[in-house]
Each structure stands twice: as C-alpha cells, then as structure tokens.
1. Once the Cβ-Cβ distance between Asp259 and Ala48 is put in as r, and R0 is 51 Å, what FRET efficiency do you end up with, to the nearest 0.05?
2. Take Lys249 and Asn237, extend 7 Å from each Cα along the Cα→Cβ direction, and tell me the distance between the two endpoints in nm.
3. Can you compute the charge dipole magnitude of the stretch 107-158 about its Cα centre, using +1 on each Lys and Arg Cβ and -1 on each Asp and Glu Cβ, nothing else charged? Give it in debye, rounded to the nearest 20.
4. Between Tyr133 and Asp25, what FRET efficiency follows from the Cβ-Cβ distance if R0 is 41 Å, with the result rounded to 0.05?
5. Whenever you get a sec, compute what percent of the accessible area on the stretch 55-161 sits on carbon and sulfur atoms (1.4 Å probe).
6. Of Leu104, Val153, Ala116, which is farthest towards the positive pole of the stretch 80-177's charge dipole, taken about the Cα centre with +1 and -1 on the beta-carbons of Lys, Arg and Asp, Glu respectively?
7. Give me the distance in nm between label points sitting 7 Å out from Cα along the Cα-to-Cβ direction at Ala91 and Asp141, one decimal.
8. Taking Lys90 as the anchor, which lysines have their alpha carbon closer than 29 Å to its alpha carbon, excluding any fewer than eight residues away along the same chain?
Amino acid sequence: MTDPAESPSNPDIDPDTDADRHEYDPDAEHAFPDDRLNEMLDRIASDAEITAYLAAQNVNPVDRKGYNDHGAKHIEIVRDRALRLYDLLKAGGVEFNGARQQGLDEADEAVVIALAATLHDIGHVVHRHDHPYYSIPLAADLLDDLLPSFYDVTEQVRVKAEVLHAILCHHTEEQPLTLEAGVVRIADGLDMERGRSRVPYEEGGRGINTVSSQAIERVSLRQGEETPVQIVIRMNNAAGVYQVDSLLKAKMEGSLLEDRIQTIAINTHSNGDGTESIVDRIEL
C-alpha cells in the first residue's frame, strides 16, 4: 500500500496553492449558483441563538469530557470544507440528488449543506454520546425560525427534511441517501489537523488517538486527475494514518461519494540521521 515518492516534484506533495483551510469566499466564482447560499450565510452569522448554541455545545465535549473542540471553530472548518468539497464535485460534473428529488432548486443544494454543517453538532448541549440524535429536534426548532424568511411552507418542509437527514447521517450508522448528506459526513472528518481530530482524545493522554491526532499537519482539497476531488493529508508521523483509517475511511464508506474522491496521505519524516527527509505516499 505504501511506496516512496520518487522525487520532490511529485505533484501529490508539492505545496498547495490554495488556502490552508479553503475558507468559503462569497465573492469568488463557484461551480454552482451561490446567491441564495450567501444570503443564508449572512443570516446565520447574525443569528444570536445559533451563535449561542455554537458556544454552548462545546461545554460537554471539552470542559466536561476533556475532548477536542466541537464549537464555533469546528463548525467553521466543517462548513468551509463541505462547501469546498461541494464546489469541486460540481465542477467535476457530479449531479446531486437531495434537493432535486424534493423538487427544490439547484441553489438549495448548497443551502442544505451549509445549514447541516452549521447545526450538525448542537446535540452536544445535551450529551456527547448519541449527539446526532439530540441535534435533530434542536436543529428542527432553529430551522422553523430561520427558513420562513427564505421559503414558502412547502419549501420550508422540504429543505428542513434534507438538512435533518444530513445531520443525522454525519456520525451514525444510518448511511446517507443523498450526496448532500455525504458531503457533510465527509467534511466532518476532515477537521483533523494537529489536535483537531474527530476521534475523541483526552487532553494530556498518550494513547494512539492522542499521538495520531498530533501527526496531521495539513488537509488539502483539490481537483483530482482521476476523480473530481483529491484529498491530500500531510503528516509528520505514520501514526496519523490511524486518524485517516479509523475515521475518515469510515465516513467515506457509504457516503455515495467513494468513487468520486481520492484520498492520499503523505508522510514526511527523517531518515534517522537528520540529513534527509523521506516521503511515503499512502493511498487509501
């Protein structure tokens, strides 16, 4: 499964020309209609109740369990990466089914993804364990307040249904039935750089979860040559493969996007005498 990179010019390990976190830029050109999404993002940012939830949902996992961040920063990263992933897939000609099968517009695909990415973890205010199930009623209440400004009653119900489906499937055994839900599921696992892994680790611990979570240096999403999307994960220790294999691989399976995304892990490490770096390329 592993083979050494032949030269420093290997395109898989060249410096990424895009922003580290691929922040969503509302003014940039996208492969999808973005006006409705941009209006929704503005509303989300100004919503005091959503802002309060994003702070409150961090108390149980971080302050009481000693786990990793699940608050506003996590939400920002997941939403940005979900929209980046969606944009690349759309540019690659992938047709999404969730909004379309509900009779909604193409513009609603990105809205569903953004809302689900924003609200997927609010169930943590109840408990870390089984939090996706607690997220459903809480998100439903927020959506009932949010959606009437943008949709009529029929559209509200249909958008809400798609958002709740994506929330439920982000971290449960229930597999996504839509590509929108698959995008959110995968994006949740991509917040894994240096201590940000979605695999719970205890602060100060020395187990494989903690060691491997410190190994991931950077996650990049780019257009692939053989697939619409290529995910490149750079690490400084082979232990980082545990993060990729134990979580991201599981999220990828059943996402409906397995054949459209190529995942490559690049491990750069010393040869032992400090004179040279060795690069291992692992395709998953």
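The values are calculated or read from the model by the stated rules, or taken from the named source; none is laboratory data. Since we're looking at a predicted model, the values are computed, not measured. Methodologically, a virtual Cβ is constructed for each residue, glycine included, from the backbone with ideal geometry; neighbour enumeration extends over all protein chains shown. Quick note on the areas: whole protein, heavy atoms, side chains included, nothing else; ligands and nucleic acids left out. Shrake-Rupley method; radii C 1.70, N 1.55, O 1.52, S 1.80 Å.
1. Computed FRET efficiency for Asp259 and Ala48 comes out at 0.75.
2. The modelled label-to-label distance comes out at 2.0 nm.
3. The calculated dipole for the stretch 107-158 is roughly 200 debye.
4. 0.75
5. The computed percentage sits at 47.
6. The residue sitting most towards the positive pole is Ala116.
7. In this crude label model, Ala91 to Asp141 measures out at 4.0 nm.
8. Partners within reach: Lys73, Lys160, Lys249, Lys251.
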